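Here's the structure, in structure tokens; my notes come after.
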Amino acid sequence: MRKRMIAGNWKMNKTYTEGVVLAQELADELAGKTGDVDVVVCPPAVDLKGVGTVIEQKSAPMALGAQNVYWEESGAYTGETAPDMLTNVGCSYCIIGHSERRDYFGETDEDVNKKAKALLAHDIVPISCCGESLEVREAGKHVEFVVDQIRKDTEGLEISDPSRYVIAYEPIWAIGTGKTATADDAQEVCGAIRATLVDVFGEETAAGIRILYGGSAKPDNIAGFLEKEDVDGALVGGASLKADSFAAMVISAAE
Ligand code: PGA
């Protein structure tokens with residue numbers, strides 16, 4: 001059985017000080033309430049150590065994730081962060097291929113694939129994002145588009161433990177817009193992702209990989225997504241920036 005996952009993507013929000021406060025609030029709100037749900041928080045890089053320290057000191061039921069990584073071990077890559085650096089500050093997850101990184105920073109499927117390989121080699125769980133634009137959706141090509149992304153992003157990956165590779169389906173038109181996909185829209189694409197994973201990795205591995213939905217997920221719509229067969233959780237942006245709304249989503253997933 002796949003464990004549900006609720007992951008918070010703070011994006012470029014929260015200073016170090018604000019991040020520490022949010023982590024403390026989350027630790028208090030979530031204590032004893034996460035059930036069998038994997039909770040992950042992904043703050044900006046400069047907040048990682050501070051948030052990680054709160055998690056450790058409060059034995060908070062959540063794990064630390066980064067929002068980006070570079071695939072080299074070290075060296076002259078100004079502004080980048082290596083996998084070992086993430087591990088060293090307590091990260092066990094890392095988002096890759098988010099549509100904002102693809103759109104604003106030119107991240108390609110080839111980059112996403114290299115990042116996934118580097119993370120897996122360092123025992124960090126990738127949360128690998130995919131999703132179509134409104135234009136692609138309106139042309140009715142969304143399934144085809146996402147399946148193609150998945151094939152490229154997973155090429156040559158060796159997954160020994162399927163619980164340690166996560167996919168997030170985030171239709172770009174639903175991110176930060178308040179416009180959610182319906183639960184049926186999410187299932188249509190997540191089901192196609194699962195079928196592609198069967199093709200790439202075989203039945204057993206595909207059955208163990210978590211697929212999250214992302215895009216204006218909130219406390220009042222999360223339950224509908226989680227009812228769907230191939231939706232195993234959510235990657236949450238806006239609603240992860242307040243302890244009460246993020247905790248409400250975790251609690252709903254734990255029910
Ligand atoms: P949103 O962002 O929940 O604010 O739509 C989701 C994401 O981009 O991960």
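The values are calculated or read from the model by the stated rules, or taken from the named source; none is laboratory data. What you see is a predicted model, and the numbers here were worked out from it, not measured in a lab. Positions of Cβ are backbone-derived with ideal geometry, glycine not excepted, and every protein chain shown enters the neighbour counts.
What number of residues within region 181-237 satisfy the criterion of being more than 23 Å from residue 160 (Cα to Cα), within 16 Å of the chain's Cα centre (by Cα) and of a type outside the set (A, V, I, L, M)?
Residues meeting the conditions: 7.
Working only within region 138-154, note down all residues that are in a helix (DSSP H, G or I) and either of a type outside the set (Val, Ile, Thr) or in contact with a Ser or Thr (Cβ under 7 Å, 6 or more places away or on another chain) (or both).
138, 142, 144, 145, 147, 148, 149, 150, 151, 152, 153
The rows are residues; the columns are (1) within 19 Å of residue 100 (Cβ to Cβ); (2) in contact with a Lys or Arg (Cβ under 7 Å, 6 or more places away or on another chain); (3) of a type in the set (Lys, Arg); (4) surrounded by 14 or more Cβ atoms within 10 Å (Cβ to Cβ).
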position: 146; (1), (2), (3), (4): yes, no, no, yes
position: 156; (1), (2), (3), (4): no, no, no, no
position: 166; (1), (2), (3), (4): yes, yes, no, yes
position: 194; (1), (2), (3), (4): no, no, yes, yes
position: 205; (1), (2), (3), (4): no, no, no, yes
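Test each condition in (1) farther than 23 Å from residue 117 by Cβ; (2) in contact (Cβ under 8 Å) with a residue 12 or more places away in the chain; (3) buried (at least 17 other Cβ atoms within 10 Å of the Cβ) for residue 136 and report the one that comes out false.
(2)
Any residue at all in region 148-156 that's under 30 Å from residue 246 (Cβ atoms), over 15 Å from the mean Cα position of the chain (by Cα) and away from the ligand (no atom under 13 Å from the Cβ)?
Taking every residue of region 148-156 in turn, at least one turns out to be under 30 Å from residue 246 (Cβ atoms), over 15 Å from the mean Cα position of the chain (by Cα) and away from the ligand (no atom under 13 Å from the Cβ).
Please enumerate the residues belonging to region 200-222 that are touching a residue at least 24 places away in the same chain (Cβ under 8 Å) and out of contact with any strand residue (DSSP E or B) (no Cβ under 7 Å at 6 or more places or on another chain).
200, 201, 204, 205, 206, 207, 208, 215, 216, 218, 219, 221
When you go through 128, 133, 163 one by one, which is the residue that is at pLDDT 95 or above, within 27 Å of residue 64 (Cα to Cα) and within 15 Å of the ligand (Cβ to nearest atom)?
Of 128, 133, 163, the one residue that is at pLDDT 95 or above, within 27 Å of residue 64 (Cα to Cα) and within 15 Å of the ligand (Cβ to nearest atom) is 128.
Of everything in region 223-255 that's away from the ligand (no atom under 14 Å from the Cβ) and touching a strand residue (DSSP E or B) at 6+ places or on another chain (Cβ under 6 Å), which residue is nearest to residue 42 (Cα to Cα)?
250
Is one or more of the residues making up region 189-209 within 16 Å of the ligand (Cβ to nearest atom), in contact with a Pro (Cβ under 7 Å, 6 or more places away or on another chain) and not polar (S, T, N, Q)?
Within region 189-209, none of the residues are within 16 Å of the ligand (Cβ to nearest atom), in contact with a Pro (Cβ under 7 Å, 6 or more places away or on another chain) and not polar (S, T, N, Q).
Name the residues in region 1-11 that are buried (at least 19 other Cβ atoms within 10 Å of the Cβ) and away from the ligand (no atom under 16 Å from the Cβ), would you?
Answer for region 1-11, where residues must be buried (at least 19 other Cβ atoms within 10 Å of the Cβ) and away from the ligand (no atom under 16 Å from the Cβ): just 4.
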